[in-house]
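Engineer: Following this message is one structure expressed as structure tokens.
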Amino acid sequence: MTAVRHTGAEGFLQRFEGLRARLPGRRLPWLEALREDAARAFRAQGLPTRRVEAWKYTDLRPLGEAGFEEALSSIDGGQALPAAHGGGARAVLVDGRFRADLSALDGLPYAAGSVAAALPGLEGRIGAVAPAAALPMVALNAMLFEDGLLLTVPAGVPGGVLDLLSLASGGARPEAFHPRHLIRLEAGASLTLIETAMGPEHDGTTLHNPIYEIEVAEGATLVHARLQQEGRQGFHLSAVHARVAAGGTYDNFTLVAGARLTRNEIHIALTGPGASAHMNGAQLLAGGQHADTTTYLDHAAPGCASRQTYKTVLAGRSRGVFQGKILVRQAAQKTDGYQMNQALLLSPDAEMNSKPQLEIYADDVKCSHGATVGEIDHGQLFYLRSRGVPEAQARSLLIQAFLQEAVEGVTDETARAALGAAVSGWWEREALA
Amino acid sequence: MPAVTETLETVQSVTDSGYKWGFETDIEMEFAPKGLNEDIVRFISAKKNEPAWLLEWRLKAYALWQKMEEPTWAAVKYPPIDYQDAYYYAAPVQKAKPKSLDEVDPELLRTYAKLGIPLKEQAILAGVEGAGDSPSDSGRMPIAVDAVFDSVSVATSYKERLAKEGIIFCAISEAVQEYPDLVRQYLGTVVPQGDNFYAALNSAVFTDGSFVYIPKGVRCPMELSTYFRINAKSTGQFERTLIIAEEGSHVSYLEGCTAPMRDENQLHAAVVELVALDDATIKYSTVQNWYPGDAEGRGGIYNFVTKRAQCRGRRSKVSWTQVETGSAITWKYPSCVLLGDDSVGEFYSVAITNNWQQADTGTKMIHVGKRTSSTIVSKGISAGQGQNTYRGLVRVAPTASGARNFTQCDSLLIGDRCGAHTVPYIENRCMTAKVEHEATTSRIAEDQLFYCRQRGLTQEDAVGLIVNGFCREVLKELPMEFAVEAQKLLQISLEGSVG
């Protein structure tokens, strides 16, 4: 293996040493050990460089150079929050810390609250789905997390729609926060979780490093839509780890429109027969933005299905990355796997790198992937122009149609509408800019 | 599912009886001392009576190689190779360079006759009634053959006929003597000495291979072909091929290879460099049939090869076609660097892994010139415990406006203990370029098998038919004689795995 070179890991390790006495759960031996192990793993791996195959297209050097400090929350209760997508149930985190005063979680048929407040009872749950040593960003989070959303939907309960709002307040100095979200749907339960990540409002540099540990039990359905619209000086380093049991469905949509540098990893394991995963996403990039979506789908049981559609639109000098691996284990006969990733280059200075990947050890399977990179189709543009649609509008129409395909894959109507609005809003802003 | 059961049963009863090229030739050989060091490099250079610049060139490569690490990124597994435990030079003992086939050791001639390689120039061109030529040969276009036996070229046919057109077709060691300026001008310009670990090794110790030069405006009147044979024990074969197609020229080149059946693994690390200038076309076809090892995965050739073409001229075209049925391990990525505007690169590949074979193969298409286009069609077939990986790169530079790529990778799995993997890299930095990739993985459909069986085909013939259909897009790119051979090979390679 290529030797891992260390870059900028030292700053994070120092912060851990300085903070550890004040981190939540410091008196819990198991958590102490978990953080210690994470620090060891992070020290060993460092922040990966581009010499590491999985990081070939994303350079974390600017992250190492930023010198982050602990976030000081400066948002008070008086501030107006964006409207919720669902029926009003809402969990709010500011700088990675759960804010009961801003959240609206009363009268829900399931338990939702703060990870920090429940820490003594979370032994064996933190790190169960996302082991710290697996990925550098998970290790970083395990070392430094303070809080997150803790959510358990009991068996058979339809949870409806929950909004999760993640705000960054931002300060004069670069600030980092590392929320850990634990989401569990028991057998037959369902939930639609719509997450919006925003802020800071001024040009502050932030690092948002959320890790999701998701368990979908037999026959349960979780729709998880993430809208990342953070400030253009932000760094976003996230990993979703989900485990789906027999007959369960996990539907993930990730919209990336914000941040200067984004890396989203989505790791889904289909562990029981008949489980299914939908993974869709859109990366809307402009200026000097860099966004990387890396998916890893593990077909570990027979008769599972997965569908992936990822779209990237690139303007300005932006760079997009898609890496998607489908692993079909020997036991996973009758697997049906499909993956499509497409990119539209709107500018001569934009760059797209994509690496779809199939690794298949079972023979009775149907697996395919496709990838395209190109500009707006001149024929389609001509068709619209010849019918009197002005060029700017025609382009806008074609871009939206291109993105629509990914949005349409989302199974929940509310989530789909929220994503549709976010997608069209982005292009209107970019076209005017 | 009787078909599946039958298939699985026969996978277990696989034997290597299908490899009919596995015999050894008993012939007096001359070896360099075992191992690799500067002295060996000097020894090879002296054996070949090389000019000083080439020795320097080799020594530089050797120095680079010593500092390099063996690549580990490919999806292949094998025990560490002891580079000191092999012979880097092995040649049949010859008193003097044979002037005609009559002077070539009859044992060697018998070897090639057994392999079915026509070293004898066919009567049709010589104007003489050739004894022993089968009637079917007489009406066909002849093929010029360069036969490489371990480290040396033993014979090249039709040289005079080709020379009339100004075409040079000879062993590269001969070209170093006869056309040193041409060799010096082009050697290492497509694959530099330090390109990768195996290319560096090859640059240091390469022994023979073919040299082809097609002058301006000439369309080569016959297929050129090199037949590589590894015979000696514990030797590596390191051939180097260089093909230069001048402005407006056209050449079709074929390559075949076999080796004896042995329990030890042998290394074959070749370098092939192609240069196509304005409006030139090079078609390069390979039927790779090195010994694949036995049913338990013992023995077989490690085929670690660097092949690259530069389309330097405008509207130049290079087309790679490969049928990879042999070798224990294949590590091979024939590539095209599309420099000239409107140049074209093509890659058509069939790779079969049966028993314990592993293949990590694909291509690189580097688009630099405007409106360059490339097509990649890859068909991977895995059976037994075989592991088959397509690994490819399509890179479009900002300068390659209007560039176009289409890639199709299909994998077929036969049995539940094999693997099929697809690892394409797509890097596009040009807005007006269009890159498309698609890949599928499936197995032979029960209904297709049933359809064939119902019409009286045996299980084996049915699978052969379906596999040939699966590979058709690639096989049709091969020159006719090769296509027939390749089809037979596909069937033999899958023998035992498909009932």
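The values are calculated or read from the model by the stated rules, or taken from the named source; none is laboratory data. All figures in this text were calculated on a predicted structure; none of them were measured in a lab. So basically every Cβ, Gly included, is an ideal-geometry build from the backbone, and we count neighbours across all protein chains shown. Remember, those area values only see protein heavy atoms, side chains included, never the ligands or the DNA or RNA. Shrake-Rupley method; radii C 1.70, N 1.55, O 1.52, S 1.80 Å.
Engineer: With a length cut of 30 Å (Cα positions projected on each helix's long axis) and a Kyte-Doolittle mean of at least 1.6, go through chain A and give me the DSSP H helices that pass.
Structural biologist: Long hydrophobic helices here: none detected.
Engineer: Students often forget the sequence filter, so: which lysines lie under 19 Å Cα-Cα from A:Lys334 once same-chain residues fewer than 8 apart are removed?
Structural biologist: List returned: A:Lys325, A:Lys366.
Engineer: Towards the positive end of the charge dipole of segment A:3-377, with charges on Cβ (+1 Lys, Arg; -1 Asp, Glu), say which of A:Gln233, A:Val153, A:Met352 has the farthest Cα.
Structural biologist: So the residue we want is A:Met352.
Engineer: Ignoring everything except DSSP H segments at least 4 long, calculate the 222 nm mean residue ellipticity for chain A; use -39,500 (n - 2.57) per segment, divide by total residues, nearest 500.
Structural biologist: Counting only the DSSP helices, I get -6500 deg cm²/dmol.
Engineer: Just name one of B:Trp65, A:Ala286, B:Leu412: the one whose Cα is farthest towards the positive end of the charge dipole of the protein assembly as shown (beta-carbon charges, Lys/Arg +1, Asp/Glu -1).
Structural biologist: A:Ala286
Engineer: With Cβ to Cβ distances under 13 Å as the rule, what net charge do the other residues near B:Lys34 carry (K, R +1; D, E -1)?
Structural biologist: -2
Engineer: Show me, for segment B:419-427, the HN-Hα J-couplings you get by feeding each phi into the Karplus relation (A = 6.51, B = -1.76, C = 1.60, θ = phi - 60°), rounded to Hz, glycine and proline as x.
Structural biologist: My calculation for segment B:419-427 gives x, 10, 9, 10, 10, x, 10, 10, 10 Hz in order.
Engineer: Give the shape of the protein assembly as shown as rounded, prolate or oblate, defined through the alpha-carbon gyration tensor: a ≥ b ≥ c are the square roots of its eigenvalues, a/c under 1.5 means rounded, and otherwise the shape is prolate if a/b is larger than b/c and oblate if not.
Structural biologist: Note, shape of the protein assembly as shown comes out prolate.
Engineer: Next up: Take the alpha carbon gyration tensor of segment B:24-75, find the square roots of its eigenvalues, order them as a ≥ b ≥ c, and report rounded if a/c is under 1.5; if not, report prolate when a/b exceeds b/c, else oblate.
Structural biologist: oblate
Engineer: Also: Give me the dipole magnitude in Debye, nearest 20, for the protein assembly as shown about the Cα centre, with unit charges on the beta carbon: positive for Lys and Arg, negative for Asp and Glu.
Structural biologist: 1420
Engineer: Using modelled backbone amide H atoms (1.01 Å from N, in-plane), which distant-in-sequence or interchain residues come within less than 5 Å of B:Leu267's amide H?
Structural biologist: Answer set, sorted by chain and number: B:Gln237, B:Tyr302.
Engineer: Collect residues whose amide H, placed 1.01 Å from N in the peptide plane, falls under 5 Å from the amide H of B:Cys170; neighbours closer than 5 in sequence don't count.
Structural biologist: B:Phe211
Engineer: Determine the share of the protein assembly as shown's accessible area contributed by carbon and sulfur atoms, expressed in whole percent, with a 1.4 angstrom probe.
Structural biologist: 51
Engineer: Additional query: Using the membrane-span-like helix rule (whole DSSP H runs, Cα extent along the own axis of at least 18 Å, mean Kyte-Doolittle hydropathy at least -0.5), which helices of chain B qualify?
Structural biologist: Span-like helices, by this rule, are B:52-67, B:480-493.
Engineer: Roughly how crowded by other chains is peptide A:337-348, in terms of the mean Cβ count from those chains within 10 Å of each of its Cβ atoms?
Structural biologist: Per residue, the number of nearby Cβ atoms from other chains is 2 on average.
Engineer: Also, quick follow-up: Could you pull out every one of the lysines with an alpha carbon less than 30 Å from that of B:Lys216, ignoring same-chain neighbours closer than 8 positions?
Structural biologist: List returned: B:Lys48, B:Lys99, B:Lys120, B:Lys159, B:Lys164, B:Lys283, B:Lys307, B:Lys317, B:Lys364, B:Lys370, B:Lys476.
Engineer: Here is a follow-up. Can you give the extra length, in nm with one decimal, that the chain gains between B:Gln177 and B:Lys164 once fully stretched, where that is 0.36 nm per residue apart less the Cα-Cα distance?
Structural biologist: Between B:Gln177 and B:Lys164, full extension yields an extra 2.7 nm.
Engineer: Right, here's the next one. Between A:His85, A:Val216, A:Gly8, whose Cα lies farthest towards the positive end of the dipole of chain A when Lys and Arg beta carbons carry +1 and Asp and Glu beta carbons carry -1, centred on the Cα centre?
Structural biologist: Checked the options; the winner is A:Gly8.
Engineer: Another question, if that's okay. Report the local net charge at B:Gln193: Lys and Arg +1, Asp and Glu -1, summed over other residues whose C-beta lies under 10 Å from its C-beta.
Structural biologist: Charge balance near B:Gln193 sits at +1.
Engineer: Across chain B, where is the longest run that never hits trypsin sites (Lys or Arg not before Pro) in a DSSP loop with at most 13 other C-beta atoms within 10 Å?
Structural biologist: B:165-454
Engineer: Treating the beta-carbon of each Lys and Arg as +1 and of each Asp and Glu as -1, no other charges, what is the dipole magnitude of segment B:383-499 about its Cα centre, to the nearest 20 debye?
Structural biologist: The calculated dipole for segment B:383-499 is roughly 380 debye.
Engineer: Under unit Cβ charges (Lys, Arg +1; Asp, Glu -1), what dipole magnitude, rounded to 20 debye, does chain B have relative to its Cα centre?
Structural biologist: Charge dipole of chain B: 1360 debye, to the nearest 20.
Engineer: Work out the FRET efficiency for B:Glu296 and B:Val93 from their Cβ-Cβ distance, taking R0 = 41 Å, and round it to the nearest 0.05.
Structural biologist: 0.70
Engineer: Provide the per residue accessible area, probe 1.4 Å, for the protein assembly as shown, rounded to a whole number of square angstrom.
Structural biologist: Per residue, the protein assembly as shown has 37 Å² of solvent-accessible surface.
Engineer: Using 7 Å Cα-to-Cβ label points, what is the A:Glu10/A:Ala100 separation (nm, one decimal)?
Structural biologist: 4.2
Engineer: Counting each DSSP H run of 4 or more residues in chain B as -39500 (n - 2.57), what helix-only mean residue ellipticity at 222 nm follows after dividing by all residues, to the nearest 500 deg cm²/dmol?
Structural biologist: -7000 deg cm²/dmol
Engineer: Using the Karplus equation 6.51 cos²θ - 1.76 cosθ + 1.60 (θ = phi - 60°), what ³J(HN,Hα) coupling, rounded to whole Hz, does each residue of segment B:380-393 give in order, writing x for Gly and Pro?
Structural biologist: My calculation for segment B:380-393 gives x, 10, 10, 9, x, 9, x, 10, 10, 10, 9, 10, x, 10 Hz in order.
Engineer: Taking N as the number of residues in chain B, what is its Cα Rg relative to 2.2 N^0.38 Å?
Structural biologist: Normalised Rg, Cα atoms only: 0.95.
Engineer: When N counts the residues of chain A, how does its alpha-carbon radius of gyration compare numerically with 2.2 N^0.38 Å, as a ratio?
Structural biologist: 0.95
Engineer: Continuing with this model, one more query. Taking both sides together, what accessible area is buried at the A/B interface, probe 1.4 Å, expressed in Å² and rounded to the nearest 100?
Structural biologist: Summing both chains' loss of accessible area gives about 2700 Å².
Engineer: Using each residue's phi in segment A:338-349, evaluate 6.51 cos²θ - 1.76 cosθ + 1.60 at θ = phi - 60° and report the 3J(HN,Hα) Karplus result to the nearest Hz, with x for Gly and Pro.
Structural biologist: Per-residue couplings from phi come out as 9, 9, 9, 9, 9, 9, 10, 9, 9, 9, x, 9 Hz.
Engineer: What accessible surface, in Å², does a 1.4 Å probe find on B:Asp263, ignoring ligands, DNA and RNA and rounding to the nearest 10?
Structural biologist: Accessible area of B:Asp263: about 110 Å².
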